[in-house]
1. Would you mind working out the accessible area per residue for the range 175-228, using a 1.4 Å probe, and quoting it in Å²?
2. Go through the range 227-236 residue by residue and turn each phi into a ³J(HN,Hα) via Karplus (6.51, -1.76, 1.60, θ = phi - 60°); whole Hz please, and just put x for glycine and proline.
3. Can you tell me how much longer the chain between T82 and I225 gets when fully stretched, taken as 0.36 nm per residue apart minus their C-alpha distance, in nm with one decimal?
4. Would you kindly state how much longer the chain becomes between V94 and D27 on full extension, computed as 0.36 nm times their sequence separation minus their alpha carbon distance, in nm to one decimal?
5. Could you pull out which residues in the range 56-72 have an amide N less than 15 Å from a spot 7 Å beyond the Cα of E141, following the Cα-Cβ vector?
6. Please list, ordered by chain and number, the residues whose modelled amide H lies under 5 Å from the amide H of G56; skip anything fewer than 5 residues away on the same chain.
7. Local charge sum around H216 (other residues, Cβ-Cβ under 14 Å, Lys/Arg +1, Asp/Glu -1)?
8. Among 103-112, 22-31, 163-172, how do they line up from the highest to the lowest mean number of other beta-carbon atoms within 10 Å?
Amino acid sequence: MKRYRVIILTLSLSSFFLFFSGIIRHDVDEKNYLSLANQKEFNCVGRIYKDSTSSGSCVLISDCFVLSAAHVFIDSDTRPDTIEFNGVKAVSYVTYNHRVTDVSKIYLMFNGQKVKVKKLLLHPNYLDSLTKGSCDIALLELEKTIHNITPAKVNTAFDELNSIVVGVGYGASGPANRPDLVSQQNKKIAGENVIDSIGGQIYLDRESLLICDFDHPTRNDCNKIGSPVPRPLEYICSGGDSGGGLFRNKNNAWELIGICSGSGVDINQLMKSGYYGHTMEGTRVSLFTNWLSLQTN
(Lines give C-alpha, C1' and ligand atoms only; values in the text may rest on other atoms or scores of the structure.)
Protein backbone atom coordinates (compact mmCIF):
# COMPACT_ATOMS: atom_id res chain seq x y z
CA MET A 1 0.00 0.00 0.00
CA LYS A 2 2.84 2.38 0.73
CA ARG A 3 4.27 1.94 -2.76
CA TYR A 4 0.86 2.60 -4.34
CA ARG A 5 0.35 5.74 -2.24
CA VAL A 6 3.70 7.19 -3.21
CA ILE A 7 3.07 6.57 -6.89
CA ILE A 8 -0.25 8.41 -6.71
CA LEU A 9 1.31 11.36 -4.90
CA THR A 10 4.21 11.51 -7.32
CA LEU A 11 1.90 11.54 -10.30
CA SER A 12 0.06 14.45 -8.74
CA LEU A 13 3.23 16.53 -9.00
CA SER A 14 2.95 16.58 -12.77
CA SER A 15 -0.84 16.36 -12.95
CA PHE A 16 -1.82 18.93 -10.36
CA PHE A 17 -2.42 21.74 -12.84
CA LEU A 18 -4.79 19.52 -14.78
CA PHE A 19 -6.82 17.68 -12.21
CA PHE A 20 -6.82 19.08 -8.67
CA SER A 21 -8.88 22.13 -7.79
CA GLY A 22 -11.75 23.40 -5.66
CA ILE A 23 -10.28 21.81 -2.52
CA ILE A 24 -12.63 22.50 0.39
CA ARG A 25 -12.72 22.25 4.17
CA HIS A 26 -13.39 18.71 5.35
CA ASP A 27 -15.76 19.97 8.07
CA VAL A 28 -18.05 22.01 5.79
CA ASP A 29 -20.76 20.58 3.54
CA GLU A 30 -19.88 20.91 -0.15
CA LYS A 31 -23.38 22.25 -0.91
CA ASN A 32 -22.36 25.55 0.73
CA TYR A 33 -19.53 25.94 -1.79
CA LEU A 34 -21.82 25.02 -4.68
CA SER A 35 -24.41 27.55 -3.52
CA LEU A 36 -21.80 30.30 -3.43
CA ALA A 37 -20.68 29.45 -6.98
CA ASN A 38 -24.26 29.68 -8.24
CA GLN A 39 -24.80 33.28 -7.13
CA LYS A 40 -25.65 35.46 -10.14
CA GLU A 41 -22.60 37.67 -9.51
CA PHE A 42 -20.44 34.77 -10.64
CA ASN A 43 -22.32 33.88 -13.83
CA CYS A 44 -19.44 35.67 -15.56
CA VAL A 45 -17.22 32.64 -14.82
CA GLY A 46 -17.26 30.17 -17.69
CA ARG A 47 -15.65 26.92 -18.72
CA ILE A 48 -13.01 26.33 -21.38
CA TYR A 49 -13.05 23.37 -23.74
CA LYS A 50 -10.44 22.20 -26.22
CA ASP A 51 -12.48 20.16 -28.69
CA SER A 52 -14.67 18.23 -26.21
CA THR A 53 -12.20 18.19 -23.30
CA SER A 54 -12.71 20.50 -20.34
CA SER A 55 -9.45 22.41 -19.90
CA GLY A 56 -9.97 25.27 -17.46
CA SER A 57 -12.02 28.29 -16.49
CA CYS A 58 -12.39 31.89 -17.64
CA VAL A 59 -14.05 35.21 -16.75
CA LEU A 60 -16.20 37.40 -18.99
CA ILE A 61 -15.01 41.05 -18.74
CA SER A 62 -17.15 42.52 -21.56
CA ASP A 63 -19.80 41.14 -23.91
CA CYS A 64 -17.09 39.84 -26.25
CA PHE A 65 -13.83 39.59 -24.26
CA VAL A 66 -12.76 37.00 -21.70
CA LEU A 67 -9.80 36.65 -19.33
CA SER A 68 -8.10 33.40 -18.41
CA ALA A 69 -4.69 32.02 -17.46
CA ALA A 70 -2.08 31.77 -20.21
CA HIS A 71 -0.88 28.32 -19.09
CA VAL A 72 -4.30 26.86 -19.90
CA PHE A 73 -3.49 27.38 -23.58
CA ILE A 74 -0.07 25.76 -23.61
CA ASP A 75 -0.21 22.21 -24.99
CA SER A 76 2.64 19.77 -24.41
CA ASP A 77 3.71 16.23 -25.05
CA THR A 78 4.68 14.00 -22.10
CA ARG A 79 7.21 11.29 -21.47
CA PRO A 80 7.56 8.98 -18.44
CA ASP A 81 10.39 9.45 -16.00
CA THR A 82 11.39 7.47 -12.91
CA ILE A 83 12.10 9.34 -9.69
CA GLU A 84 12.79 8.22 -6.12
CA PHE A 85 10.89 9.44 -3.07
CA ASN A 86 11.85 8.21 0.41
CA GLY A 87 13.64 5.27 -1.13
CA VAL A 88 10.68 4.22 -3.28
CA LYS A 89 10.83 4.48 -7.07
CA ALA A 90 7.81 5.89 -8.84
CA VAL A 91 6.82 7.10 -12.30
CA SER A 92 6.32 10.78 -13.04
CA TYR A 93 5.60 12.47 -16.37
CA VAL A 94 7.74 15.22 -17.84
CA THR A 95 6.29 17.70 -20.33
CA TYR A 96 8.09 18.88 -23.44
CA ASN A 97 7.41 20.37 -26.90
CA HIS A 98 5.33 23.26 -25.54
CA ARG A 99 3.06 25.07 -28.01
CA VAL A 100 0.09 27.44 -27.99
CA THR A 101 -3.32 25.82 -28.49
CA ASP A 102 -4.87 26.10 -31.95
CA VAL A 103 -7.65 28.68 -31.46
CA SER A 104 -9.98 26.71 -33.74
CA LYS A 105 -10.14 23.97 -31.08
CA ILE A 106 -11.32 26.28 -28.29
CA TYR A 107 -14.87 27.05 -27.23
CA LEU A 108 -16.35 28.43 -24.03
CA MET A 109 -19.53 27.78 -22.05
CA PHE A 110 -21.35 30.40 -19.96
CA ASN A 111 -24.57 29.19 -18.33
CA GLY A 112 -25.36 26.95 -21.27
CA GLN A 113 -24.27 29.48 -23.91
CA LYS A 114 -21.62 27.99 -26.17
CA VAL A 115 -19.34 30.39 -28.01
CA LYS A 116 -16.29 29.99 -30.22
CA VAL A 117 -13.12 32.03 -29.86
CA LYS A 118 -12.11 34.47 -32.58
CA LYS A 119 -8.69 35.43 -31.22
CA LEU A 120 -6.39 34.23 -28.43
CA LEU A 121 -3.72 36.54 -26.98
CA LEU A 122 -1.25 35.30 -24.37
CA HIS A 123 0.67 38.02 -22.60
CA PRO A 124 4.04 38.37 -24.39
CA ASN A 125 6.00 38.20 -21.13
CA TYR A 126 4.49 34.79 -20.44
CA LEU A 127 5.59 33.44 -23.80
CA ASP A 128 9.09 34.81 -23.19
CA SER A 129 9.41 33.07 -19.83
CA LEU A 130 7.42 29.82 -19.91
CA THR A 131 9.60 28.16 -17.31
CA LYS A 132 9.13 31.07 -14.88
CA GLY A 133 5.38 31.37 -15.42
CA SER A 134 5.30 35.15 -15.05
CA CYS A 135 2.39 37.25 -16.39
CA ASP A 136 0.13 34.19 -16.52
CA ILE A 137 -2.79 35.92 -18.22
CA ALA A 138 -4.60 35.49 -21.53
CA LEU A 139 -7.26 37.48 -23.36
CA LEU A 140 -9.80 35.82 -25.63
CA GLU A 141 -12.01 37.62 -28.14
CA LEU A 142 -15.32 35.86 -28.83
CA GLU A 143 -16.87 35.24 -32.22
CA LYS A 144 -20.22 36.49 -30.92
CA THR A 145 -21.45 38.39 -27.89
CA ILE A 146 -22.64 36.75 -24.68
CA HIS A 147 -26.17 37.71 -23.63
CA ASN A 148 -27.88 38.04 -20.23
CA ILE A 149 -24.66 37.79 -18.22
CA THR A 150 -23.13 40.79 -16.48
CA PRO A 151 -19.38 40.98 -17.17
CA ALA A 152 -16.98 41.25 -14.26
CA LYS A 153 -15.66 44.67 -13.31
CA VAL A 154 -11.85 44.62 -13.43
CA ASN A 155 -10.02 46.06 -10.42
CA THR A 156 -7.56 48.88 -11.16
CA ALA A 157 -6.27 49.63 -7.63
CA PHE A 158 -3.15 48.17 -6.02
CA ASP A 159 -4.79 47.61 -2.64
CA GLU A 160 -5.44 43.85 -2.77
CA LEU A 161 -3.43 42.81 0.30
CA ASN A 162 -5.65 41.42 3.11
CA SER A 163 -8.73 41.44 0.86
CA ILE A 164 -11.30 38.72 1.47
CA VAL A 165 -11.78 36.98 -1.86
CA VAL A 166 -14.11 34.48 -3.47
CA GLY A 167 -12.51 32.16 -5.99
CA VAL A 168 -14.75 30.62 -8.66
CA GLY A 169 -14.02 27.98 -11.28
CA TYR A 170 -14.52 24.48 -12.63
CA GLY A 171 -12.48 21.43 -11.77
CA ALA A 172 -12.08 18.51 -9.44
CA SER A 173 -13.15 18.93 -5.84
CA GLY A 174 -13.01 17.16 -2.53
CA PRO A 175 -12.10 17.46 1.17
CA ALA A 176 -8.66 18.87 1.92
CA ASN A 177 -7.81 16.17 4.46
CA ARG A 178 -8.48 13.34 1.96
CA PRO A 179 -6.53 13.83 -1.29
CA ASP A 180 -7.61 10.34 -2.32
CA LEU A 181 -11.24 11.54 -2.49
CA VAL A 182 -10.54 14.52 -4.75
CA SER A 183 -11.97 13.84 -8.19
CA GLN A 184 -13.28 15.49 -11.35
CA GLN A 185 -17.01 16.01 -10.82
CA ASN A 186 -17.87 18.67 -13.44
CA LYS A 187 -19.02 21.11 -10.78
CA LYS A 188 -18.71 24.86 -10.49
CA ILE A 189 -17.08 25.44 -7.10
CA ALA A 190 -16.54 28.69 -5.21
CA GLY A 191 -14.79 29.29 -1.92
CA GLU A 192 -13.26 31.97 0.25
CA ASN A 193 -9.77 32.97 1.22
CA VAL A 194 -7.70 36.04 2.11
CA ILE A 195 -4.90 37.65 0.12
CA ASP A 196 -2.15 36.96 2.64
CA SER A 197 0.76 38.11 0.51
CA ILE A 198 1.74 39.66 -2.81
CA GLY A 199 4.78 38.24 -4.58
CA GLY A 200 5.98 36.55 -7.74
CA GLN A 201 7.80 38.02 -10.71
CA ILE A 202 8.11 41.81 -11.01
CA TYR A 203 6.09 43.43 -13.79
CA LEU A 204 5.90 47.23 -14.22
CA ASP A 205 7.84 47.56 -10.95
CA ARG A 206 5.23 45.62 -8.98
CA GLU A 207 4.87 42.01 -7.87
CA SER A 208 2.46 40.11 -10.09
CA LEU A 209 0.91 37.38 -7.90
CA LEU A 210 -1.76 37.38 -5.19
CA ILE A 211 -1.05 34.59 -2.70
CA CYS A 212 -3.34 32.79 -0.22
CA ASP A 213 -2.70 29.79 2.01
CA PHE A 214 -5.19 27.10 3.04
CA ASP A 215 -5.62 27.27 6.79
CA HIS A 216 -6.80 24.28 8.84
CA PRO A 217 -9.87 24.75 11.09
CA THR A 218 -8.02 23.54 14.21
CA ARG A 219 -4.31 23.06 13.43
CA ASN A 220 -1.97 26.07 13.46
CA ASP A 221 0.93 24.08 11.97
CA CYS A 222 -0.66 24.38 8.50
CA ASN A 223 -0.48 28.17 8.44
CA LYS A 224 2.14 29.50 6.01
CA ILE A 225 1.38 33.23 5.84
CA GLY A 226 -1.11 35.62 7.36
CA SER A 227 -3.72 34.71 9.96
CA PRO A 228 -4.11 31.01 10.86
CA VAL A 229 -7.89 31.44 11.18
CA PRO A 230 -9.69 30.02 8.10
CA ARG A 231 -12.66 31.61 6.38
CA PRO A 232 -16.04 29.83 6.86
CA LEU A 233 -15.75 28.55 3.27
CA GLU A 234 -11.93 28.43 3.12
CA TYR A 235 -10.55 26.72 0.01
CA ILE A 236 -7.82 26.80 -2.60
CA CYS A 237 -8.25 26.70 -6.35
CA SER A 238 -6.03 25.22 -9.04
CA GLY A 239 -6.18 22.72 -11.88
CA GLY A 240 -9.57 22.94 -13.60
CA ASP A 241 -10.06 26.25 -11.78
CA SER A 242 -7.07 27.70 -13.63
CA GLY A 243 -8.22 30.84 -15.42
CA GLY A 244 -11.15 31.32 -13.05
CA GLY A 245 -11.65 34.47 -11.02
CA LEU A 246 -10.70 35.81 -7.62
CA PHE A 247 -13.36 38.37 -6.69
CA ARG A 248 -13.77 40.78 -3.80
CA ASN A 249 -16.70 42.86 -2.64
CA LYS A 250 -15.64 46.50 -2.43
CA ASN A 251 -18.12 49.29 -1.69
CA ASN A 252 -20.99 46.80 -2.13
CA ALA A 253 -19.87 45.84 -5.65
CA TRP A 254 -18.01 42.77 -6.82
CA GLU A 255 -14.81 43.19 -8.79
CA LEU A 256 -12.26 40.85 -10.34
CA ILE A 257 -8.84 41.19 -8.68
CA GLY A 258 -7.13 37.97 -9.76
CA ILE A 259 -7.04 35.15 -12.29
CA CYS A 260 -6.35 31.73 -10.78
CA SER A 261 -2.86 30.70 -11.84
CA GLY A 262 -2.45 27.57 -9.70
CA SER A 263 0.03 26.33 -7.15
CA GLY A 264 2.54 23.61 -6.53
CA VAL A 265 2.32 20.46 -4.44
CA ASP A 266 4.50 20.00 -1.37
CA ILE A 267 4.68 16.22 -0.99
CA ASN A 268 5.75 16.35 2.65
CA GLN A 269 2.91 18.74 3.50
CA LEU A 270 0.46 16.61 1.51
CA MET A 271 1.36 13.49 3.49
CA LYS A 272 1.15 15.39 6.78
CA SER A 273 -2.05 17.38 6.37
CA GLY A 274 -3.48 16.79 2.89
CA TYR A 275 -4.08 20.06 1.02
CA TYR A 276 -4.12 22.13 4.21
CA GLY A 277 -0.99 24.25 4.37
CA HIS A 278 -0.73 24.58 0.59
CA THR A 279 -0.97 27.92 -1.20
CA MET A 280 -2.73 29.20 -4.29
CA GLU A 281 -1.66 31.99 -6.60
CA GLY A 282 -3.67 34.43 -8.67
CA THR A 283 -2.38 36.73 -11.39
CA ARG A 284 -2.85 40.33 -10.24
CA VAL A 285 -5.16 41.83 -12.89
CA SER A 286 -4.64 45.44 -11.76
CA LEU A 287 -1.16 45.28 -13.34
CA PHE A 288 -2.54 44.44 -16.76
CA THR A 289 -5.28 47.01 -17.29
CA ASN A 290 -3.19 49.03 -19.75
CA TRP A 291 -2.36 45.92 -21.74
CA LEU A 292 -6.04 44.95 -21.77
CA SER A 293 -7.07 48.42 -22.95
CA LEU A 294 -4.63 48.27 -25.84
CA GLN A 295 -6.06 44.93 -26.97
CA THR A 296 -9.76 45.69 -26.55
CA ASN A 297 -10.02 49.25 -27.91
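1. Working: 2570 Å² over 54 residues.
I get 48 Å² per residue for the range 175-228.
2. 3J(HN,Hα) across the range 227-236, in whole Hz: 5, x, 7, x, 6, x, 10, 3, 6, 10.
3. Net length gain for the segment: 48.1 nm.
4. In short, 20.6 nm is gained.
5. Those under the cut-off are 62-67.
6. I48
7. Spelling it out: positives minus negatives among the neighbours equals +1.
8. The densest-packed peptide leads the list: 163-172, 22-31, 103-112.
The values are calculated or read from the model by the stated rules, or taken from the named source; none is laboratory data. Given the structure is predicted, the values throughout are model-derived calculations rather than measurements. Note that we place each Cβ from the backbone using ideal geometry, even for glycine, and neighbour counts take in every protein chain shown. Ligands, DNA and RNA are excluded from the accessible area calculation, which covers all protein heavy atoms including side chains. Shrake-Rupley method; radii C 1.70, N 1.55, O 1.52, S 1.80 Å.
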